[in-house]
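The structure appears below as structure tokens.
The values are calculated or read from the model by the stated rules, or taken from the named source; none is laboratory data. On a predicted model such as this, the values are computed, not experimentally measured, just so you know. For neighbour counting, all protein chains shown are included, and Cβ atoms are generated from backbone atoms with ideal geometry for every residue, glycine included. Side chains are part of the model used for accessible areas, which takes the heavy atoms of the whole protein and leaves out ligands, DNA and RNA. Shrake-Rupley method; radii C 1.70, N 1.55, O 1.52, S 1.80 Å.
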Amino acid sequence: MSTTTSNLTEKTACELIQIQANNEASAETITRAFLDLIKAREPKVKSFLKINEETALATAKSIDLKRAKGEKLGLLAGVPIAVKDNICIKGTATTCGSKILENFIPPYDAHVTEKLQQADAVIIGKTNLDEFAMGSSTENSAYQTTRNPWNLDCIPGGSSGGSAAAVAACEAPISLGSDTGGSIRQPASLCGIVGLKPTYGRVSRYGLVAYASSLDQIGTFSHDVADTALLLKVIAGKDERDSTCTSNDVPDYTKSLDVPVKPFTIGVAKEYFAGGLDPEVEKSVREALDVLKSKGATIKEISLPHSAYAIATYYLVATAEASSNLARYDGVHYGHRSKDHKNLIDMYCKSRGEGFGSEVKRRILLGNYSLSSGYIDAYYLKALKVRRLIRDDFDKAFAGCDVVAGPTSPTCAFKVGEKSSDPLAMYLSDIYTISCNLAGIPGISIPCGFNSKNLPIGLQLLGAPFSEEKLLRIARMYEKETNWHLKRAKVC
Ligand code: GLN
């Protein structure tokens, strides 16, 4: 095997495409290499809830055949991809990490799934998540706890921990996740990979099981920014089935990627460097800012004065929407139905009681409370007003800078079990990621170092609405100056 084709599983999607174009390895060989590594590593990492071995190999073979016949191939031809298990794939179980959807087989594909198929990607499996994407550690999955490939005693972050760990463990070169309050960027940061949450409306949510519909957005995981640009190009764009999905043109993110942005200004929010930030994380993030400065960035201190209210606002808005979205799982419309019930009300209670885990129940209770007639003004409607102020803070910031930079997560990956009995401590993991969803803006986390225990650190860049192109170019400028994105976890 030549050096180009040794360690196929450590390659990026762009490299795997090139390897196939050079006839150095087929889609089938590539897919088999990933399936073999999945078999070896899954007992330890536990990223996947389902592995589609047969369909993945059949797809790979059909792509090889298309290539042999000289037919036109899609942008992700022969590239394996893992998909978070709250995104529907027709005929494949979609559990959302919940017992209540254990037997749910979607009769339709999500918009992004259709896009992946049109792009000739090889969907290799469905990945683990916190139940209904509620959590920051993947410990809230009803099925298994995914481990961080850099240290198996640690959590991979969440809620898209399975998708992040799958890429960090080289079980897939790219994956899809969903981000409602940080669920792509935080696990990307903790697993040392790139994670992008696009602008709200950039990618269709059709076929994404709803958690909090005004915050949810599908996004990407990859080893580097070039793969992020490619995958975003595939999944972004108009879809009439999601009325919040924009018909704005999709820029050619890959074409412009290597054109440096010059000159540019980075806003550094003083609120993002306050108490609670791990000094080792702060050091790496400040060094990353110096790298960007050396590439022509002007660093400007800014203020996002309402950030202090972001967590409280998020947990009111998100739980209110969740309580409404999750009402459909009643054992009749959707989901598990209890076998043992006396009457209709008893059936609803037992089906939901047996099917949902404790974090989901906590959030349904909180959401129903804040929406109830005596409290809606004081809680939910007040939260919506603060949400507007948070967006205004960003609008003001982006009037004077191109991106806002800071840490993605206040700490590196923590130990499994360390925060699982303390929901408030867990909620604070998202302190830097949540505002982005409340404001509907795009955000990316890119690897920017390791702490003294060899755990990855992420730099977060936030942009104005629909500025993904610029965001990716700036992220790429940083990436080209560093080697963090080239490191691969040993998984032992
Ligand atoms: N950790 C946050 C929560 O538990 C965000 C989750 C997400 O983005 N899906 O709600």
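Key figures for this structure:
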quantity	calculated
Members of segment 100-117 found to be under 28 Å from residue 348 (Cα atoms) and open to solvent by 30 Å² or more (accessible area, probe 1.4 Å), listed by number	102, 103, 104, 105, 107, 108
Hits in segment 164-204 (condition: assigned to a loop (DSSP other than H, G, I, E, B), of a type in the set (A, V, I, L, M, F, W, C) and away from the ligand (no atom under 16 Å from the Cβ))	169, 170, 172, 193
Search result, residues across segment 208-223 that are small (Gly, Ala, Ser) and surrounded by 24 or more Cβ atoms within 10 Å (Cβ to Cβ)	212, 219, 222
Top-ranked residue of segment 380-427 - restricted to ones that are more than 30 Å from residue 261 (Cα to Cα) and charged (D, E, K, R), ranked as modelled with the lowest pLDDT	422
Among residues of segment 17-51, those that are surrounded by 21 or more Cβ atoms within 10 Å (Cβ to Cβ) and either under 16 Å from residue 163 (Cβ atoms) or of a type in the set (Phe, Trp, Tyr) (or both), counted	8
Answer from 366, 292, 277, 304 - the residue that is within 16 Å of the ligand (Cβ to nearest atom) and closer than 30 Å to residue 414 by Cβ	366
Enumeration of residues in segment 149-168 that are within 21 Å of residue 80 (Cβ to Cβ) and touching a Leu at 6+ places or on another chain (Cβ under 8 Å)	156, 160, 161, 162, 163, 164
Single residue of 97, 70 found to be exposed (fewer than 15 other Cβ atoms within 10 Å of the Cβ) and not β-branched (Val, Ile, Thr)	70
Checklist (1) over 21 Å from residue 135 (Cα atoms); (2) under 28 Å from the mean Cα position of the chain (by Cα) applied to residue 321, failing item	(1)
Checking residue 258 against (1) surrounded by fewer than 18 Cβ atoms within 10 Å (Cβ to Cβ); (2) farther than 19 Å from residue 478 by Cβ; (3) touching a helix residue (DSSP H, G or I) at 6+ places or on another chain (Cβ under 7 Å); (4) not hydroxyl-bearing (Ser, Thr, Tyr), the condition it does not meet	(2)
Of the criteria (1) hydrophobic (A, V, I, L, M, F, W, C); (2) more than 22 Å from residue 394 (Cβ to Cβ); (3) crowded, with 19+ Cβ neighbours inside 10 Å; (4) more than 23 Å from the chain's Cα centre (by Cα), which one residue 292 fails	(2)
Answer residue from segment 408-428, given it is among the small types (Gly, Ala, Ser) and more than 18 Å from the chain's Cα centre (by Cα) and is most open to solvent (accessible area, probe 1.4 Å) among those	421
Test: residue in segment 411-426 that is within 13 Å of the ligand (Cβ to nearest atom), out of contact with any Lys or Arg (no Cβ under 9 Å at 6 or more places or on another chain), of a type in the set (Gly, Ala, Ser) and farther than 30 Å from residue 245 by Cβ	yes
Count - residues of segment 123-150 that are open to solvent by less than 10 Å² (accessible area, probe 1.4 Å), β-branched (Val, Ile, Thr) and assigned to a loop (DSSP other than H, G, I, E, B)	2
Sole exception among (1) closer than 30 Å to residue 238 by Cβ; (2) open to solvent by 40 Å² or more (accessible area, probe 1.4 Å) for residue 484, by number	(1)
Lone unmet requirement of (1) open to solvent by 40 Å² or more (accessible area, probe 1.4 Å); (2) hydroxyl-bearing (Ser, Thr, Tyr); (3) away from the ligand (no atom under 16 Å from the Cβ); (4) not in a loop (DSSP other than H, G, I, E, B) for residue 324	(3)
Scope segment 91-122; condition among the hydrophobic types (A, V, I, L, M, F, W, C), under 17 Å from the mean Cα position of the chain (by Cα) and assigned to a helix (DSSP H, G or I); matching residues	112, 116
Given (1) open to solvent by less than 10 Å² (accessible area, probe 1.4 Å); (2) of a type in the set (D, E, K, R); (3) under 27 Å from residue 357 (Cα atoms); (4) more than 13 Å from the ligand (Cβ to nearest atom), index of the condition residue 153 fails	(1)
Scan of segment 456-478 for residues that are open to solvent by 10 Å² or more (accessible area, probe 1.4 Å) and either of a type in the set (Asp, Glu) or under 14 Å from residue 193 (Cβ atoms) (or both), ordered by number	469
Any hit, segment 158-165, residues being among the polar types (S, T, N, Q), under 20 Å from residue 52 (Cα atoms) and surrounded by fewer than 24 Cβ atoms within 10 Å (Cβ to Cβ)	no
Long-range neighbours under 8 Å by Cβ, at least six apart or interchain, first residue modelled with pLDDT of 95 or more within segment 145-166, second among the β-branched types (Val, Ile, Thr) and open to solvent by 10 Å² or more (accessible area, probe 1.4 Å)	145/416; 147/416; 149/491; 152/491; 153/416; 154/416; 155/145; 155/416
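Yes/no matrix, rows are residues, columns are (1) in contact (Cβ under 8 Å) with a residue 40 or more places away in the chain; (2) farther than 29 Å from residue 421 by Cβ:
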| site | (1), (2) |
| --- | --- |
| 271 | no, no |
| 275 | no, no |
| 278 | yes, no |
| 287 | yes, yes |
| 310 | yes, no |
| 315 | yes, no |
| 323 | yes, no |
| 346 | no, yes |
| 371 | yes, no |
